[in-house]
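A short worksheet on the structure shown next.
Every read-out reported here was derived from the displayed coordinates using simple, explicitly stated rules and does not represent laboratory data. Since the structure is predicted, the reported quantities are computational estimates derived from the model, not experimental observations. In this analysis, Cβ positions are derived from the backbone assuming ideal geometry, glycine residues included, and neighbour counts consider all displayed protein chains.
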């Protein structure tokens, strides 16, 4: 009897496992696994997946940006150079003021329903963006940028802008990960009339080489299928995309995702924690991080993490206080405790990437080395990367996993500030701030100084961990820190409101991706300064810069082409002013883990194969789908 | 008290609870330190990598306040809210997912939540009470202690630990169920129904296990106390069988508090099961509510909380009304 029962149980389990094994050759959505690239969604699960009107908030994630829509100009994320996509070439400038432009479109491009793409689609889109600008949620940038436009012929149109624009291609096209200008099909949208503002556009007609095959109305997954006529799509000229299907799916909490990744259920993840990646790599040799050696992960995001202080409020209005905070921060300890040492530090107020390094970091390295505070102290530590390497080695990290030689700078950055609490105390004492009986620094009048440090809650766990480590570092140095985690809604309110802002982790104004620094720093303008205790919302300049030298540089640069050497020089000067007065404590590049699984697909972008940024949610992902290769695994 | 007066009093109380609940629902999100306009702009901003210009932010801020109905004094907004909710049962558009209608978002997600939680709650209640009854009635026997041990063992396990353990066991070590299910879409067919049930089994098992323990323990305690009641002793002396005493004397009397608990927990299922949704990639209303709370999406919060208040208050009313049918003592009064 017992034997019979065991046999039955074994048969049932065996049948189940066999079924599972067979099912693994097909995906859950009924496509052959070896023809399907499966990607974890960036935004988890969407609450209204049917809303696919790009003029409203949704329809950005799960493939729309990279596979669905198509842009006038795209960004080559390996070089930082803009290149034409729907446009036939670079924009033609029509006047000396750089406000009038002519754009010629590529001919022979078709929407996914077979209708030809023409200038009429562009003109209709611009008409709609401006006519319904008060009712559409995602058109404000373009509606503010253009003042008039007209069709010249089926494949040519002209536009006039509201300001001199030397960055026309990256405003109307892509600067980093997508464009604010999504062109919609006139033949689908125009019949909606005024209802276009609430039009859902479910099963959107798109321009890219993939079309929506099916999606989950509950927002868990979306399946794209390669168009038969992909060559005449918006970026069919880039080459043949290899996967016949691309499935975006939310695999749930990180624990579940890690297990599913180990089981080869999907090919590319987004932000998986270093611990989970380590565990997954240990169980599946096909799982790879961005780099085989430290810091393992991609560090090429456009933005960088930093501590933003309210420069308008005492005592943060004093450079000595800001420098004291920077020199009290033990970056090595912060990086090891919060990121297991897997980070790349940067002292300038922007990310240190292969694109920005030769433009900003390398030219300013000697300036940083010579930078001297008022008391003669030199705060820069060029040896930061080497010291971090030694610290990691002393903690037992295998030498083969640590960078050597020039790779140390490439991996851990060119340097950061010294950790010198004694100098920090000296600086604070120079402005009358000494430690009280409680062991914490007090204000000039001797009253307690409690710093409120705002960090994201669970919605950004990476920066949450970094925030706690920073607070710990400051507390050890004698700052009475009150760390407050907030939800993303409140985080934005704190960022925008002077009266509620003191000290926070932020990245919104350090998104300089290439030589065109205007996207982030154009906001350094007296128009975006409010009184220190104002409760009105700020619309820009979240670093609260009031430095007239910087305002002048920004104003002067507005009249310069972004490829003019003086323009770049002005950008470097802004970076220098922000740094020498420590107007922002830049911390590190944003680490983006992006582990991949090479069981079914190979040749993903990696440190030593950097043909594009590896992010699946940037429009540069189109280069990935063109370059990856099937392994032949069934 | 006559039947009409009894029903009228309960119904009046029900309406008062609804009115107070709706008023508190209106006020609560506005006391949060989150501005929904900032929430939306922040969301767009974080996706824009610095391409959102100050001019655009300024324009969006002005437009959104109008679109969201946040212009005007709070009393006018309150009256408009009551009119929309009470008369039209319309919660307006979601702020975070503008212009998606809140009612559409809820009606898409709610069947999934109800399907899973309703089934799991009832199964956990039935199983827990049956086991608890046997454990309580035969509390002096060794087997009863083992049943109680099951309850004691399951009850304190945090749901998250329970869920991850079940997932590891039944989806990873023994891959009987999918780790991250894909629910079929489109026209419903029998195979698709089968797939939905199969995909829902793992979260359902976890929810049953999580709810099971409390029901065992509470029913066991009630059954033990009831077993000692004089009327049960009298029934035994009269020669009634164990089965008769357990089902007709002990169970019926111990059941009353359990029915109240069931009704209230049925009302609570409208809040969804956020952890279940996240861990098992299960669709439902929990994640919508969480997103709304973190982004200051008042309308979605109004929709979801109002529904929950309605469900809990209605469950309370139904219990009040059917109690006399279950308990002759109340009927007598």
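Exposure proxy ranking for B:161, A:277, based on other Cβ atoms within 10 angstrom of each Cβ and starting from the fewest, stands as B:161, A:277.
With a Förster radius of 60 Å applied to the beta-carbon distance between residue B:88 and residue A:563, the computed FRET efficiency rounds to 0.55.
Helix B:190-227 and the longest principal axis of the C-alpha atoms of chain B enclose an angle of approximately 50°. Considering every alpha-carbon pair of chain B, the percent of pairs per 20 Å bin, from zero through the bin containing the longest distance, is 24, 48, 24, 4, 0. Spin-label pair residue B:13-residue B:153: with each label point 7 Å from Cα along the Cα-Cβ axis, the two points sit 4.1 nm from one another.
Taken residue by residue and averaged, Cβ atoms of other chains lying within 10 Å of the Cβ of A:247-260 number 5. Panel order for B:327, A:121, A:195, A:487, by other beta carbons found within 10 Å of each beta carbon, from fewest to most: A:195, B:327, A:487, A:121. In this structure, residue B:201 and residue A:556 have a Cβ-Cβ separation that, at R0 = 56 Å, corresponds to a calculated FRET efficiency of about 0.25.
Springs join every pair of Cα atoms under 10 Å in this Gaussian network model of chain B, and among B:173, B:106, B:123 the largest mean-square fluctuation is at B:173. Calculated [222 nm] ellipticity per residue, helices only, for chain A: -8500 deg cm²/dmol; basis is -39500 (n - 2.57) per DSSP H run with n ≥ 4, divided by all residues, nearest 500. Find the relative contact order for the range A:123-238 and round it to a whole percent, using C-alpha pairs within less than 8 Å whose residues are 6+ positions apart. Relative CO of the range A:123-238 lands at 16 percent. Contact order for the range A:304-589, expressed relative to its length and based on alpha carbon pairs under 8 Å spaced 6+ residues apart, stands at 31 percent.
In the elastic network of chain B, a GNM with C-alpha springs shorter than 10 Å, the most mobile of B:80, B:265, B:200 is B:80. Extending 7 Å from Cα along the Cβ direction at residue B:28 and again at residue A:609 yields two label points whose distance is 5.2 nm. Taking chain B as a Gaussian network of alpha-carbon nodes connected by springs under 10 Å, the highest mean-square fluctuation of the residues B:233, B:37, B:134 belongs to B:233. Taking 0.36 nm per residue of sequence separation and removing the Cα-Cα distance, the residue A:546/residue A:390 pair yields an extension gain of 52.1 nm. If you fit an axis through the alpha-carbon atoms of helix B:36-46 and take the longest principal axis of the Cα set of chain B, what angle between them do you get, 0 to 90°, nearest 10? On a 0 to 90 degree scale, this one is about 70.
Taking a ≥ b ≥ c as the square roots of the Cα gyration tensor eigenvalues, with a/c under 1.5 meaning rounded and otherwise prolate when a/b beats b/c, else oblate, which class fits the protein assembly as shown? The shape class here is prolate. Cβ-Cβ distance of residue B:145 and residue B:65, R₀ of 45 Å, FRET efficiency by 1/(1 + (r/R0)^6): the value works out to about 0.10.
Length available on full extension from residue A:35 to residue A:372: 0.36 nm per residue minus the Cα-Cα distance, which gives 115.5 nm. Potential lengthening of the chain between residue A:527 and residue A:120 amounts to 142.8 nm, from the contour at 0.36 nm per residue minus the alpha-carbon distance. In chain A, Cα pairs under 8 Å separated by at least six residues give a relative contact order of 19 percent. By the beta-carbon count within 10 Å of each Cβ, the least crowded to most crowded order of A:187, A:419, fewest first, is A:187, A:419.
For the range A:136-169, the residues whose amide N sits under 15 Å from a probe point set 7 Å from the Cα of residue A:102 along the beta carbon direction are A:150-160. Site pair residue B:237 and residue A:127 shows an inter-label distance of 9.5 nm when each label is modelled 7 Å from Cα along Cα→Cβ. By the gyration tensor of its Cα atoms, with a ≥ b ≥ c the square roots of the eigenvalues, what is the shape of the range A:304-589: rounded for a/c under 1.5, prolate for a/b over b/c, or oblate? Note, shape of the range A:304-589 comes out rounded.
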